[in-house]
1. What distance in nm lies between label points placed 7 Å from Cα along the C-beta direction at A:Glu155 and B:Ala3?
2. On a straight-distance basis, which lysines could pair with A:Lys31 in a cross-link, Cα separation under 20 angstrom, same-chain partners fewer than 8 positions away excluded?
3. Mind checking the angle between helix B:142-153 and chain B's longest principal axis? C-alpha axes, 0 to 90 degrees, to the nearest 10.
4. With the Cα gyration tensor of the protein assembly as shown giving a ≥ b ≥ c as the square roots of its eigenvalues, does the rule (a/c under 1.5 for rounded; else a/b larger than b/c for prolate; else oblate) give rounded, prolate or oblate?
5. Going toward the positive end of the dipole of chain A, with +1 on Lys and Arg Cβ and -1 on Asp and Glu Cβ, which of A:Ala15, A:Val95, A:Gly156 do you reach last?
6. Measure off 7 Å from each Cα along the Cα-to-Cβ vector at A:Asn29 and A:Asp13, then give the distance between these two points in nanometres to one decimal.
7. Take the alpha-carbon centre of region A:86-161, take the same for region B:115-148, and report the distance between them in whole Å.
8. Can you give the accessible area of A:His149 in Å² (nearest 10), computed on protein heavy atoms with a 1.4 Å probe?
Number of protein chains: 2
Amino acid sequence: MAAFVRTIPEGDDRARLTCPDCGYVAYENPKIVVGSVVAIDGRILLCRRAIEPRRGFWTLPAGYMEMAETVEEGARREAWEEAQARIALEGVLAVYSIARLGQVQVIFRAGLAEPGFAAGPESLEVKLFDWDEIPWEEIAFPSVRWALHRWRAMEGLPLGLPAMNPPEDLRGTRPLPGAGL
Amino acid sequence: MAAFVRTIPEGDDRARLTCPDCGYVAYENPKIVVGSVVAIDGRILLCRRAIEPRRGFWTLPAGYMEMAETVEEGARREAWEEAQARIALEGVLAVYSIARLGQVQVIFRAGLAEPGFAAGPESLEVKLFDWDEIPWEEIAFPSVRWALHRWRAMEGLPLGLPAMNPPEDLRGTRPLPGAGL
């Protein structure tokens, strides 16, 4: 396997990782993190990380979106995996760009769809916090703080009309008349 | 170079493209499309595609987000590339998941920041349409229709509080106390 080199492909305007033998372009794209601020009777669910980076620090149930799922499905999956919680999404609370990491975060506001939660394999502990009890010095990432403050600012307020796929194609999986999207 | 195979890496729960020689896992993640419904005095800017798929059909200025940019920067870049328009973003109009394609679309509502627009290299033509003039039969993709209807439903209505990065870290590029996000 030849080492990929950074070069500007014909017709493009920026350097891409390209195979000098066959010309294959390995596009690098930002990754999507999906997560939720889950509140139960005004208390916020946080997970203490069992994995690096930031092991032992508190975070929201969130993680990388997988192929073939929607952002909503991804957010529900992460809440299940990290907090063993079945959640009900209320709407998009925030969209954050972490350009440093090539990351976009889509954060929902949510409640529980069924009672109960517990630490999943990636969490040491899952706990509810009153706003005044949040361990701000032990929060894993800046964007977790952003999302918590955003939740607080929007507490009890509507998040606006739903902005997601229309009911007839909730997962974006219907066949198309033409090629493409 | 050995052919990658689909296998479940240790500690994972789904099949990944993996090199049988060295164990390298090539994660596949959904891609982010950023775009805008740009309106000028109630008329909507559409671009007629000069490239496949759906060459000759009408679309919004939108495209794949690049590394090291924010969603807002990506949306402004695409409006410039495809419609030679300098746009001013008003807020997130919609977040669509196209699970079929492993794609998430973040669509903004926007106006012009400076007068003027023209066809960029990927557009045959760029034009303003009154709502009643939109060529629905010649729209490139279902999600363009969704976004246009969403724009219409929200016309003149607030999009809610800003849900983006806080002013002190607009691009998500500030150094961190710890590792990670």
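1. 5.8 nm
2. Partners found: B:Lys31.
3. For helix B:142-153, the angle is close to 50 degrees.
4. Working: a/c = 1.79, a/b = 1.24, b/c = 1.45.
The shape class here is oblate.
5. After comparing all options, I get A:Ala15.
6. About 2.0 nm, to one decimal.
7. 36 Å
8. 100 Å²
The values are calculated or read from the model by the stated rules, or taken from the named source; none is laboratory data. In this text, all values refer to a predicted model and were calculated from it rather than measured experimentally. Cβ sites come from the backbone with ideal geometry, for glycine too, and all protein chains shown count toward neighbours. What goes into the accessible areas is simple: the full protein's heavy atoms, side chains included, and nothing from ligands, DNA or RNA. Shrake-Rupley method; radii C 1.70, N 1.55, O 1.52, S 1.80 Å.
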